[in-house]
Structures are given as structure tokens and as C-alpha cells.
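The values are calculated or read from the model by the stated rules, or taken from the named source; none is laboratory data. The shown structure was predicted, so the numbers you read here are calculated from the model rather than taken from an experiment. In this analysis, Cβ positions are derived from the backbone assuming ideal geometry, glycine residues included, and neighbour counts consider all displayed protein chains. Heavy atoms of the whole protein, side chains included, go into the accessibility calculation; ligands, DNA and RNA do not. Shrake-Rupley method; radii C 1.70, N 1.55, O 1.52, S 1.80 Å.
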Amino acid sequence: REASTAESPGSPTTLKSFDCDDERSAASMSKTFTRPPSARARAKFAAINYEITRELADMDARPLWNKGDFFGVKFAPPALVSTK
């Protein structure tokens, strides 16, 4: 099976999706995508999120929402939305 993509000069025009005609392939993919992440993967994910949060918290300036961002427009006070 193929999924079409927008054509642009010098780029591929199609993407191949998984082909699961073989029952063993489908069963293998099912196990891969439904298995809960390992303790090691969860720990790594938590450590990365901690580092991102810590870096944001330690910044000198408060982070701003990008101009036109849905959440910034919908929920942020005007002082927290970038003018750029």
C-alpha cells in the first residue's frame, strides 16, 4: 500500500506504509505497538522531561507563546504572547 504525498521538486512523491499481508508480520507488529514501555524506557522518558522542565524553570526570561498559537490565543494573558 502507498500513501500519496504533496509533490515538491526533488522529493519522493510516495511513502510506503507497513504491509501486513502476512499474519506473522501483523502479529509481530501488534506485539510491538501494544507492549507497555520497559522500566528503562519510562525512566529515560522521565529524565528527559525533567531536564526540559528544569531548563525552562531556570531561564532568566519567562517563556512566551508564539503569536497566533492556538493555546496562546485561547488561554494566555496578552503579556505572555510574543509579538513576533
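Condition check for Phe33 on (1) loosely packed, with under 10 Cβ neighbours inside 10 Å; (2) modelled with pLDDT of 90 or more: one failure, at (2). One residue alone among Asp58, Asp69 is open to solvent by less than 100 Å² (accessible area, probe 1.4 Å), of a type in the set (Asp, Glu) and over 17 Å from the mean Cα position of the chain (by Cα), and that residue is Asp58.
For region 36-47, a residue qualifies if it is open to solvent by 90 Å² or more (accessible area, probe 1.4 Å), part of a helix (DSSP H, G or I) and not charged (D, E, K, R), and exactly one does: Phe45. Looking only at region 72-84, filter to residues that are of a type outside the set (Val, Ile, Thr) and part of a loop (DSSP other than H, G, I, E, B); which one of those is most open to solvent (accessible area, probe 1.4 Å)? Per the stated criteria, the residue is Lys84.
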